[in-house]
Amino acid sequence: MAPILPFLSEAMYQNLVDRDTDGRAPESVHLTSYPTPAAGDRDESLEASMAVALRAVELVRTLRAQAALRTRQPIARLWLALPGGELAEQEALLSLVADEVNVKAIELIGDESELVERRVKVLLPRVGKRLGAKIPEVMAAARDGRFALLADGSVELAGVTLAADEVELQASPKPGTAVAHDQGLVAVIDTRLTPELLAEGDARE
C-alpha cells in the first residue's frame, strides 16, 4: 500500500486545487510548503504536559532495564509524582504512558515518601563527645529505624535530638519496587511479577 499513498495524496491535491483559476498554486502537492499553525492554535500547556509524559516513559524504561524486565512483560503498577501535580488532558496522557511502558495501572502520588524506606546514619565524629554514654542507645535506635524526622531537618533518636548536620538521611526503594527521579518527576514501578503477569508476558513473546 505504501507506493499508492503518494499517488492518492497527489490526486486529492489535484482535485482540490484549481490551477486554472489560481496560477500561483504549485503543480504538485510535493512542491508545496509544509503548513504552519495559525497564531493562537498552539496549546502550550498540552505541549508541556506531553513533554512530562515522555520523560515519564523514559524513566520507566530505564527502571525496567535496570530490573531486567523485558518490554513485552506487563507490570502491575506505576506510581508517578508529577511536577505541578497534574497534566493537561491527564487521563489521555496517562493512558498513553501506560501503553508505552506496558503497565496495568498508574497511580498518582504526592511524592515517593511512602514508597521508600528511610534510614538514619548517625555521624559519630560529630556527636560522639556530646552523646557520651548515650551512643549505644542512639545507634541501636538508628539501626532499628526508631526515629522521628522533625520539621527543621533534625532527627530524634532514643530521646536525643540530633541536628541535620549530625546525621545522614538515606532512602532506598522498598522491596519489590524501583525508583527514579528527573527534575521533580518521580517514577516508582512495582517489579513483582505474579504468575498471571508472567504468563501474559510469555504469551506476548
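The values are calculated or read from the model by the stated rules, or taken from the named source; none is laboratory data. Quantities reported herein were computed from a predicted structural model and do not represent experimental measurements. Glycine also receives a Cβ, built like all others from the backbone with ideal geometry; neighbour counts cover every protein chain displayed. The area values use the complete protein model at the heavy-atom level, side chains included, leaving out ligands, DNA and RNA. Shrake-Rupley method; radii C 1.70, N 1.55, O 1.52, S 1.80 Å.
Below, the figures for the structure above:
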item	result
Members of the range 36-53 that are open to solvent by less than 100 Å² (accessible area, probe 1.4 Å) and free of Cβ contacts under 8 Å to residues at least 12 places away in the same chain	PRO37, ALA38, GLY40, GLU47, ALA51
Residue, nearest to the chain's Cα centre (by Cα), within the range 76-102, restricted to residues that are part of a loop (DSSP other than H, G, I, E, B) and of a type in the set (A, V, I, L, M)	LEU82
Selection count where residues are exposed (fewer than 13 other Cβ atoms within 10 Å of the Cβ) and of a type outside the set (A, V, I, L, M, F, W, C), scope the range 96-105	1
GLY184 being in contact (Cβ under 8 Å) with a residue 40 or more places away in the chain and under 26 Å from the mean Cα position of the chain (by Cα)	yes
Residue within the range 106-122 that is without any contact (Cβ under 8 Å) to a residue 24 or more places away in the chain, open to solvent by 90 Å² or more (accessible area, probe 1.4 Å) and assigned to a loop (DSSP other than H, G, I, E, B) present	no
Some residue of the range 147-166 being more than 35 Å from the chain's Cα centre (by Cα) and among the β-branched types (Val, Ile, Thr)	yes
